[in-house]
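Beneath this line is the structure, given in C-alpha cells, with notes to follow.
The values are calculated or read from the model by the stated rules, or taken from the named source; none is laboratory data. What you see is a predicted model; the values in this text were computed from it and never measured. FYI the Cβ positions are ideal-geometry reconstructions off the backbone, even for glycines, and counts take in every protein chain you see. Remember, those area values only see protein heavy atoms, side chains included, never the ligands or the DNA or RNA. Shrake-Rupley method; radii C 1.70, N 1.55, O 1.52, S 1.80 Å.
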Amino acid sequence: MHTLIRDRDISKHDFVFYSDRLIRVVEHGLGHLPFTEKQVITPTASIYTGVDFCKKLCGVSIIRSGESMENALRACCKGIKIGKILIHRDGDDGKQLIYEKLPKDISERHVLLLDPVLGTGKLVPLLEATLCTIFHS
C-alpha cells in the first residue's frame, strides 16, 4: 500500500482509498496488545469465552502525519486518550523534541504510536528514547 500511495501517477480516488485502508491498520495493531479471557452469557443463555483488552491504553500521535490515524483509533477505542509529540530531525543523527503533550499517567499505559509514514523506521528508537526520558522525569 505504501508503494501505491507514493506513486506520483496514482489517481486521487485510489490515493484516498489506499490511505484510508492503511490507516485501518490501527485495528490490527490492537490485536498485539495484552488481553485476558472473559466469559459472557449470550442471548441464547450460552457461555461464550472471548477476550477483554487491556484497559490502560493510549495513543501518541506524531504531529502531523500521525494525526490522520487518530479517528481510526478513536473508532476502535471509545474514549481513548491521545497524546501528541513533535520531533525535529536534522539529517539522520540530529533530533530535538519540539513539543509534547502526553497523558499524565502515560507511564502506566500501553502506548500505540501513530505514524503512518514509517518509511525507514529510524524514528521509532528515537521516539522510544524520548518517551522513556519523559516517563522517568
Q. Under a 1.4 angstrom probe, counting protein chains only, how are ARG74, ARG64, ARG6 ranked by accessible area, largest first?
A. ARG64, ARG6, ARG74
Q | Under 5 Å, built H, 5+ apart or other chain: amide partners of LYS81 | A | GLY59
**Q.** Rough spin-label spacing in nm, given labels placed 7 Å along Cα→Cβ, for GLU128 and VAL40
**A.** 3.5
Q. Lys/Arg Cβ at +1, Asp/Glu Cβ at -1, dipole of the chain taken about the Cα centre: which of GLN96, GLN39, VAL111 is farthest positive-ward?
A. GLN39
Q | Local electrostatic count, ASP115, Cβ distance below 11 Å [Lys/Arg +1, Asp/Glu -1] | A | 0
Q: Kindly report, to the nearest 10 Å², the accessible surface of THR133 as traced by a 1.4 Å probe over protein heavy atoms only.
A: 90
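Hey, got the dipole for the chain? About the Cα centre, +1 on K and R Cβ, -1 on D and E Cβ, debye to the nearest 20?
Dipole size: approximately 360 debye.
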Q) Per the Debye formula with a single identical scatterer at each Cα and no solvent contribution, what log10 I(q)/I(0) holds for segment 3-72 at q = 0.14, 0.21, 0.27 Å⁻¹? A) -0.66, -0.96, -1.20
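Within 12 Å, Cβ to Cβ, of ILE5, how many net charges do the neighbouring residues add up to if Lys/Arg are +1 and Asp/Glu are -1?
Neighbour charge sum, excluding ILE5 itself: 0.
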Q.
Give me the 1.4 Å probe accessible area per residue for the chain, excluding ligands and nucleic acids, in Å².
A. 71
Q: Compare the Cα positions of GLY79, LEU123, LEU22 along the charge dipole of segment 1-136 (+1 at Cβ of Lys, Arg; -1 at Cβ of Asp, Glu; about the Cα centre) and return the one farthest towards the positive end.
A: GLY79
Q: Between GLY83, GLY29, GLY66, find the one with the highest GNM mean-square fluctuation for the chain; connect C-alpha pairs within less than 10 Å.
A: GLY29
Q: Would you work out what percent of the accessible area of the chain, with all protein chains in place, is carbon or sulfur (probe 1.4 Å)?
A: 54
Q) Local charge sum around LYS55 (other residues, Cβ-Cβ under 13 Å, Lys/Arg +1, Asp/Glu -1)? A) +2
Q.
So if I take the alpha carbon set of the chain, get Rg, then get Rh from the Kirkwood formula, what is the Rg over Rh ratio?
A. 1.05
